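Each remark here refers to the structure printed beneath this line.
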Amino acid sequence: MRTKEEIKGLLTSVLAKVTAPQAQAEYYFGHSLATRFGENAITQNMGGEEENIRLITAYDKKHGSSITNKLQEKSLTNLVKRAEDIAKNSPEDPEYMPPVKPQEYPDVPPRFFKDVTELSPEHIAKEINKVVQMAKGENFKASGLFEANYGIRAIANSEGLFAYDKYSGMEYSTTFHGPRGSGSATESGEAVSQVNAEAMASRALDTAISAQNPQDIEPGDYTVIFEPQAVIDFLGFFAYNMTQRDADEGTTVFAGKVGEKLFGDKVTLTTELDDPELPAPPYGLDGLPVRRTTWVENGVVKRLRHDRFWAAQKNTEPDPVLYPIFMEGEDRAIDDLVSMCEKGVLVKRLWYIRYVDRKELLLTGMTRDGFFLVEDGKIVAPVKNLRFNESPVVFLSNIVAMSKPQRVGSWAKVPAIMSRNFTFSSKTESV
């Protein structure tokens with residue numbers, strides 16, 4: 001990998017070749033490893049490195065961009081020429097925003113760990129073997145994906161800005177398939193030491209064992225307990241719609257809702273910078289520094305994300321990032337939520353989620369990899385999967401209780417949620 005100083009010098013040299021009044025050069029380096037397995041055997045290995053520079057040039061509101069993965073002097077000279085030629089021959093873009101001024105960046109927890117750079121195929125194979133052997137011990141079959149990556153991104157522009165971010169990440173997921181039921185689990189982190197393959201596999205195996213021979217239940221309105229993975233599966237579409245422009249143009253459920261109470265009292269959503277379990281990047285959109293932001297507070301929509309153009313139209317500050325997103329929880333475990341439930345269902349995961357009505361944020365999808373009936377505070381039986389038709393707005397409005405938040409994947413930290421009157425619309429043959 002190149003050093004920070006080398007990258008800054010490289011971007012500066014590119015900008016020095018530009019004759020256009022405005023320019024922004026973006027550097028990216030990434031190294032990735034990914035291994036898939038299924039039927040208790042490794043099925044695919046992927047890996048490689050990528051390094052490139054993207055250049056954006058502009059003449060007033062006429063702009064153009066070009067990218068190259070050849071960083072020799074001649075290639076960079078050609079990069080500049082292409083970007084400038086494209087800009088000169090492009091129509092004016094009324095929404096073009098010029099490069100930003102130099103910024104001060106916040107201190108964030110470490111996002112890069114050397115142990116990820118030292119991973120070997122042998123190590124990955126051993127980690128996968130741990131999972132496979134656990135599956136074989138129950139005559140189950142294991143599948144999954146082991147991913148690791150690290151990289152650098154940086155921005156420099158004609159105003160003198162320079163921003164830099166070095167990061168690493170790991171995500172390991174597995175599903176255990178039994179004769180009549182399955183269970184899955186995922187762990188993620190920035191370092192190898194933050195991912196416990198055996199603990200992950202144990203959770204997936206326990207769920208798979210419990211999920212065998214599910215009984216039939218009828219669709220209808222249920223009290224649901226969504227584990228954190230299911231919460232994120234469901235709220236991904238919700239987060240995608242949290243933009244001020246879409247709301248102002250009337251195309252989402254947030255139209256006219258800023259400043260109004262849209263959810264239950266327990267719902268507070270923020271972007272945080274200082275959580276070491278899920279560290280934020282130091283910069284986002286066009287090199288703007290990240291900042292702590294409250295999106296929803298006690299059910300009231302406080303803010304929606306503004307890109308730079310829409311922020312300028314509304315005379316407010318742009319929002320560099322939405323993720324990582326955090327949802328406050330309560331001092332409970334998932335088992336506590338189960339013990340509080342007189343009758344309902346425990347949902348481990350959701351999948352195949354699609355819009356039914358985007359404007360109302362009505363979604364459909366199915367349960368997956370562990371779906372259980374709860375009665376009198378106990379899990380009494382695995383049940384067959386159901387299809388749902390429900391809105392995250394309703395789900396977040398009917399919250400009864402929550403657990404402590406947990407990291408899920410690379411972009412969210414959320415609690416398990418118990419919510420009333422969740423609509424399951426039909427049965428499904430999915431397993």
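List of remarks:
- Sole exception among (1) at pLDDT 95 or above; (2) of a type outside the set (S, T, N, Q); (3) closer than 30 Å to Glu5 by Cβ for Leu119, by number: (1)
- Residue check, Asp248 among the charged types (D, E, K, R), more than 17 Å from the chain's Cα centre (by Cα) and crowded, with 21+ Cβ neighbours inside 10 Å: no
Listed here are the residues, each with its yes/no results for (1) touching a Pro at 6+ places or on another chain (Cβ under 8 Å); (2) at pLDDT 95 or above.
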residue: Asn298; (1), (2): no, yes
residue: Lys302; (1), (2): no, yes
residue: Arg308; (1), (2): yes, yes
residue: Leu322; (1), (2): no, no
residue: Glu328; (1), (2): yes, yes
residue: Asp336; (1), (2): no, yes
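- Members of region 298-327 found to be in contact with a strand residue (DSSP E or B) (Cβ under 8 Å, 6 or more places away or on another chain), among the acidic types (Asp, Glu) and surrounded by fewer than 21 Cβ atoms within 10 Å (Cβ to Cβ), listed by number: Asp307
- Any hit, region 135-142, residues being without any contact (Cβ under 8 Å) to a residue 60 or more places away in the chain and under 22 Å from Gly169 (Cβ atoms): no
- The set of residues in region 182-220 that are crowded, with 19+ Cβ neighbours inside 10 Å, farther than 30 Å from Pro110 by Cα and touching a Ser or Thr at 6+ places or on another chain (Cβ under 8 Å) comprises Ser182, Gly183, Thr207, Ala208, Ala211.
- Qualifying residue in region 37-49 (condition: over 30 Å from Ser182 (Cβ atoms) and either of a type in the set (Phe, Trp, Tyr) or assigned by TED's automatic domain parsing to the domain that holds Met170 (or both)): yes
The values are calculated or read from the model by the stated rules, or taken from the named source; none is laboratory data. Predicted, not measured: the structure shown is a model, and the values here were computed from it. Reconstructed Cβ throughout: ideal geometry from the backbone, glycine too, with neighbour counts over all protein chains shown.
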